[in-house]
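Please treat every number below as a calculation from the coordinates, not as lab data. All figures in this text were calculated on a predicted structure; none of them were measured in a lab. A quick note on method: Cβ atoms are made from the backbone with ideal geometry, for glycine too, and the neighbour counts reach across all protein chains shown.
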Amino acid sequence: MVNNIEILRKEIDKIDDELVELLNKRVDQGKEIIRYKIEKGMDKEDLEREKEIITRLKEKYGSKLVDEIYASIFREVKE
């Protein structure tokens, strides 16, 4: 039993590392878009696009976490 739980925990640790890496990449891409918009004199915020992303992901994955995760991502990108 101990071996099983350790294996599961190592797998969770691996997934956590991958998630954080991907979330950091996502934030970096969002910041790149903000820089582009500033250069082009565009409005930095696009609430319609944010809604589109959240709706698409909720429809695809049905996760209650989507709102919370993406609210955090959008906040981080805008900082």
Exercise for the section: Return one number: the angle in degrees, 0 to 90 and rounded to the nearest 10, between the long axis of the Cα atoms of helix 65-78 and the longest principal axis of the Cα atoms of the chain. Expected result: 50 degrees
Practice task
Work out the charge dipole of the chain with +1 on the Cβ of Lys and Arg and -1 on the Cβ of Asp and Glu about the Cα centre, then indicate which of 8, 34, 24 is farthest towards its positive end.
Solution key: 34
Handout entry: Angle in degrees between helix 2-39 and the longest Cα principal axis of the chain, rounded to the nearest 10
Key = 10 degrees
Fill in the blank from the handout: Taking R0 as 35 Å and r as the Cβ-Cβ distance between residue 56 and residue 3, the FRET efficiency 1/(1 + (r/R0)^6), rounded to the nearest 0.05, comes to 0.30
Fill in the blank from the handout: Ordering 66-77, 46-57 by per-residue average of other C-beta atoms within 10 angstrom, highest first, gives 66-77, 46-57
Exercise for the section: Round to the nearest 0.05 the FRET efficiency obtained for residue 22 and residue 46 when R0 = 30 Å and r is the Cβ-Cβ distance. Expected result: 0.90
Problem - Value at 222 nm in deg cm²/dmol, rounded to 500, when DSSP H runs of n ≥ 4 in the chain each add -39,500 (n - 2.57) - result: -29500 deg cm²/dmol
Handout entry: Percentage relative contact order, the stretch 2-78, counting C-alpha pairs under 8 Å, at least six apart
Key = 38 percent
Handout entry: Total lysine pairs whose alpha carbons fall under 13 Å of each other in the chain (8 or more apart, or interchain)
Key = 4
Completion exercise
For the chain, the dipole about the Cα centre with charges only on Cβ (Lys and Arg +1, Asp and Glu -1), to the nearest 20 debye, works out at 200 debye
